[in-house]
Amino acid sequence: MTDHYAVTGNPIAHSRSPTIHTLFAAQTGQDLRYDALLAPFDGFATTVRDFAATGGRGMNVTVPFKEEAYRLATVLTPRAQAAGAVNTLSFEGADIRGDNTDGAGLVRDLVHNLGCPVEGRRVLLLGAGGAARGVIQPLLEHRPARLLIANRTAHKAAALAGVFPGTTACDLPALQESEMAFDIVINATSSGLSDEALPLSAGIFAAGALAYEMVYGKATPFLRLAAAAEVRGVDGLGMLVEQAAEAFFVWRGVRPDTGPVLRQLRPGSA
Ligand code: NDP
């Protein structure tokens, strides 16, 4: 029997998850169907419960429901607890198991795909929203020399630093004045979606740094800053594919080969 999965969010029509999971299923010979389901803003829990009631095996959750999914889950994995958000649900009897694969996806893209180890490196995380929070613990597990969280709204960065020992926090003007440079700079703000530039100069990048933009598929101001500083800049498509592969592994116990899928999705690549 074909197992049924879906991604839910609002909006959802743009989601690339159905394409990614369908490619994973074909590659690994798994018999499954994966759809996109629009959840009304006030109807996330109903959408999830209805899907489970009709035999659905699991769901991915995207904007703006990751925190609601965290509250809806009856069982949470340690990484979902650390993230305070859930992007992967599994229906196990009466239980709804909540997991978070975003951080694992980012770290795998950095270390495995991009050849950029985190250990011993100075890491700057821009942003203090759900995406930033989800990647902090997985980054810390790779023992960076330092992990600074910088956010437009200072108290949100400070709150995260309070939750995660081993991190420090500041606001964007203080970061700019500090003249500190970093080996890995991760833009986990949504500023790129609206083409807004962060108030930062090229000096935040150490020589040979990597600039990682979580937004994918566009030349954001952050990536343009990296290009001006002559450092390597990459978008978040690899993270998207890797978090999907981790979710696929959670559900099916099989780890797909992400390389061919990433190449197929990347415009202009072979
Ligand atoms: P949230 O809404 O939870 O957080 C948004 C963050 O961006 C906040 O820190 C906010 O700062 C900051 N921000 C927004 N606009 C600006 C601006 N103009 N200048 C400075 N800071 C700004 O969003 P998420 O954390 O869920 O997502 C962040 C981004 O990551 C999104 O663009 C999303 O698409 C992307 N993402 C990509 C993934 C992937 O797989 N590639 C996975 C998950 C997310 P403040 O607190 O001051 O408001």
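The values are calculated or read from the model by the stated rules, or taken from the named source; none is laboratory data. On a predicted model such as this, the values are computed, not experimentally measured, just so you know. No Cβ is skipped: glycine too gets one built from the backbone with ideal geometry, and neighbour counts run over all protein chains shown.
Given the options T168, T189, T153, name the one that is within 13 Å of the ligand (Cβ to nearest atom) and more than 17 Å from the chain's Cα centre (by Cα).
T153
This table checks each residue for (1) aromatic (F, W, Y); (2) in contact with a helix residue (DSSP H, G or I) (Cβ under 7 Å, 6 or more places away or on another chain); (3) at positive phi.
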{"position": "F182", "(1), (2), (3)": "yes, yes, no"}
{"position": "S190", "(1), (2), (3)": "no, no, no"}
{"position": "A197", "(1), (2), (3)": "no, yes, no"}
{"position": "G203", "(1), (2), (3)": "no, no, no"}
{"position": "Y216", "(1), (2), (3)": "yes, yes, no"}
{"position": "T220", "(1), (2), (3)": "no, yes, no"}
{"position": "T258", "(1), (2), (3)": "no, yes, no"}
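Residues satisfying the criterion are present in region 1-19 (criterion: more than 20 Å from G130 (Cα to Cα), surrounded by fewer than 20 Cβ atoms within 10 Å (Cβ to Cβ), in contact with an Asp or Glu (Cβ under 8 Å, 6 or more places away or on another chain) and of a type in the set (S, T, Y)).
Every condition in (1) within 14 Å of the ligand (Cβ to nearest atom); (2) over 30 Å from G29 (Cα atoms); (3) at pLDDT below 95 holds for E177 except the one numbered (1). Taking every residue in region 146-159 that is under 8 Å from C170 (Cα atoms) and pairing it with any residue that is near the ligand (Cβ under 8 Å from one of its atoms) and part of a strand (DSSP E or B), at least 6 positions away or on another chain, the pairs with Cβ-Cβ distances below 7 Å are A150/L126; A157/N151. Is it fair to say A25 is of a type outside the set (K, R) and assigned to a strand (DSSP E or B)? The answer is no for A25. Among residues of region 80-108 being touching a Pro at 6+ places or on another chain (Cβ under 7 Å) and without any contact (Cβ under 8 Å) to a residue 60 or more places away in the chain, the one that is nearest to the ligand (Cβ to nearest atom) is G103. Looking across region 241-251 at every residue that is out of contact with any helix residue (DSSP H, G or I) (no Cβ under 7 Å at 6 or more places or on another chain) and touching a residue at least 40 places away in the same chain (Cβ under 8 Å), the one that is surrounded by the fewest Cβ atoms within 10 Å (Cβ to Cβ) is identified as V250.
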